[in-house]
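Reading through the structure tokens given below for one structure.
Readers should treat all values here as calculations from the given coordinates under stated rules, not as data from a laboratory. Keep in mind it's a predicted model, so treat the numbers as computed, not measured. Here the Cβ positions follow ideal geometry from the backbone for every residue, glycine too, while neighbour counts run over all protein chains shown.
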Amino acid sequence: MIILNDITSKEAYLNIALNNHLKNSEFGTQDRAFITELVYGVIKWQLTLDYIISLFSKIKLSKMSQWILNILRLGVYQIIFMDRVPESAACNECVKLSKRYGHKASSNFVNAVLRNVARNKNNIEYPDPNKDTIKYLSVKYSHPEWLVKYWTKWLGREFTENLLDANNNPPELTIRTNTLKTNPSELIARMNSEGVEAIHGKYVEDALILKGTVSVADLKAHKTGLFQVQDESSMLAVRILDPQPGENVADLCSAPGGKTAYIAQLMKNRGMVLARDVHPQKVKLVRDAASLLGIDIVKTEVFDSTVFDETLKEKFDRVLVDAPCTGLGIIRRKADIKWRRKPEDLESLRKIQIKILDNAARYVKPGGVIVYSTCTIQKDENQGVVEAFLNEHPEFEKESLDGYIPASLAGTTTKQGFVQVFPHVHQIDGFFIARFRRSR
């Protein structure tokens with residue numbers, strides 16, 4: 001309950017709140033997994049849960065204390081989405097919580113609402129899709145209406161519904177083989193020896209997918225730097241950058257360091273990678289990751305990449321701009337993102353993205369390459385930013401991606417210099433990647 005309250009009332013980030021409360025707790029592995037599932041589930045399905053609660057409560061949600069509302073969400077989530085939890089157990093535990101965080105009237109109220117939901121869970125009426133498609137999709141798949149409306153207008157009803165559905169499914173756990181120390185086949189064997197099933201990834205030869213429930217931090221292969229957790233979308237951005245041994249490469253928004261490390265890895269730990277981020281604690285993550293992987297060509301600096309640095313003018317062969325964005329391509333991993341983001345964020349982030357790209361344009365040498373990537377699927381932050389950048393920088397030209405990605409991802413847009421991947425189409429994180437070369 002405290003974790004949920006931190007997220008919904010104190011605006012704590014879901015993953016950080018979970019880690020802070022569980023890292024030094026006395027809970028066993030199963031209990032930690034159960035708590036994690038409950039917290040992720042409640043946040044993921046928050047809008048749907050609130051809709052159901054509103055159907056069975058005479059008290060408006062806005063009039064409830066945050067504690068009682070979260071207790072109801074917790075109970076309804078278990079009743080509706082967790083078959084293995086008996087309805088009576090879910091109700092009884094939530095009543096106990098309401099006595100602890102509320103009063104006698106609160107516990108009676110919680111008991112009445114949850115038991116009513118349990119009795120009628122198979123007869124819940126959702127909004128009519130024929131009368132209000134946006135509201136129906138919003139409630140059914142627990143996404144904010146503004147986002148559903150945006151995607152439906154751009155991508156169409158069927159595509160959007162499939163995307164919403166995919167956002168509610170847990171992603172696979174993907175790791176990147178550290179080829180400075182091993183290779184994918186050897187790592188698969190090593191994983192098997194530690195009791196973990198690993199298979200090859202979908203698009204990148206260094207990628208492996210781990211099956212089942214895995215505690216990465218406990219694996220010897222992780223402790224010895226044989227791999228790093230990273231989705232294939234992020235790996236593709238580095239593959240499209242195509243860094244070469246001996247080059248000078250800049251990663252302007254480098255935290256938490258996965259792309260920085262992969263850049264150095266593809267450079268065979270020869271050359272120089274400048275990794276910058278505006279947050280000191282995040283720069284430390286980049287430095288620690290490089291150290292664990294046995295990489296020593298990464299130079300980390302705390303720096304705001306929206307500010308131009310004259311000392312870097314035309315110093316780099318390649319520059320990666322993995323820009324700050326709405327993050328709406330990784331809702332599967334960070335369910336709270338969809339509740340944090342607002343329509344006005346698009347324009348404010350777009351300005352930051354263009355400013356960083358403008359600086360990158362002056363850092364790259366003539367003949368050099370810039371790769372722009374985001375973990376979002378918002379057109380304004382992706383194609384819109386690329387068009388704005390190229391209009392202001394005629395010295396840059398788009399380059400086909402077809403020589404840097406697998407044939408299964410090649411198509412019309414990749415020939416035009418960019419690719420947009422979607423969770424439900426490609427089964428990896430939603431990501432946008434574009435490549436430009438400075439012609440003069």
**Request:** Let me know the Kirkwood hydrodynamic radius for the chain, please, with Cα pairs as the basis and the value in Å to one decimal.
**Result:** 23.6 Å
**Residues of type lysines that K351 reaches as a straight line, Cα spacing below 26 Å, ignoring anything fewer than 8 places off in the same chain** = K149, K153, K259, K282, K313, K315, K334, K338, K342, K365, K379, K398
**Asked** For the range 146-161, what does the Karplus curve 6.51 cos²θ - 1.76 cosθ + 1.60, with θ = phi - 60°, yield as ³J(HN,Hα) per residue in whole Hz, taken in order and with x for Gly and Pro?
**Response** 4, 6, 4, 5, 4, 5, 5, 5, 7, 10, x, 5, 5, 4, 5, 4
**Item:** Calculated [θ] (222 nm, deg cm²/dmol) that DSSP helices of n ≥ 4 give over the chain, each run adding -39,500 (n - 2.57)
**Value:** -14500 deg cm²/dmol
**Mean-position separation - Cα centroids, the range 191-218 and the range 368-394, in angstrom** = 33 Å
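In the P(r) worked out for the range 173-229, what percent of Cα pairs fall beyond 13 Å?
On the way: 821 of 1596 pairs.
Looking at the range 173-229, the distances longer than 13 Å represent 51 percent of pairs.
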**Item:** Residue (of I199, L390, T376) at the positive-pole extreme of the chain, dipole from beta-carbon charges
**Value:** T376
**Asked** Restricting to lysine pairs 8 or more places apart or on different chains, what number in the range 173-229 have Cα atoms under 21 Å apart?
**Response** 5
**Asked** Say the dipole of the chain comes from +1 at the beta carbon of Lys and Arg and -1 at that of Asp and Glu; which of H103, I295, P280 then lies farthest toward its positive end?
**Response** H103
**Request:** Convert each backbone phi in the range 112-118 into a coupling constant with the Karplus relation 6.51 cos²θ - 1.76 cosθ + 1.60 (shift: θ = phi - 60°), then list the ³J(HN,Hα) values in order as whole Hz, x for Gly and Pro.
**Result:** 5, 5, 5, 5, 5, 4, 4
**Prompt:** If one computes the Cα centroid of the range 132-187 and of the range 55-80, what distance in Å separates the two points?
**Reply:** 27 Å
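Would you calculate the convex hull of the Cα atoms in the range 232-438 and tell me its volume per residue in Å³?
Numbers: hull volume 24.3 nm³, N = 207.
Convex hull of Cα atoms, per residue: 117 Å³.
Write down Rg/Rh for the range 34-99, rounded to two decimals, with Rg from the C-alpha atoms and Rh from the Kirkwood relation over Cα pairs. Before the final figure, lay out the partial values.
Values: Rg = 11.2 Å, Rh = 12.0 Å.
Radius of gyration over Kirkwood radius for the range 34-99 works out to 0.93.
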**Request:** Quote the charge dipole size of the range 2-123 about the Cα centre in Debye, to the nearest 20; the model charges only the Cβ of Lys and Arg (+1) and of Asp and Glu (-1).
**Result:** 460 debye
**Complete:** Sites removed, the longest contiguous part of the chain containing no DSSP-loop GluC sites (Glu not before Pro) with at most 10 other Cβ within 10 Å is 126-440
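What's the Kirkwood radius of the range 2-123 in Å, using all Cα pairs? Working shown, then result.
Details: mean 1/r = 0.0682 Å⁻¹.
After inverting the mean inverse Cα-Cα distance, the result is 14.7 Å.
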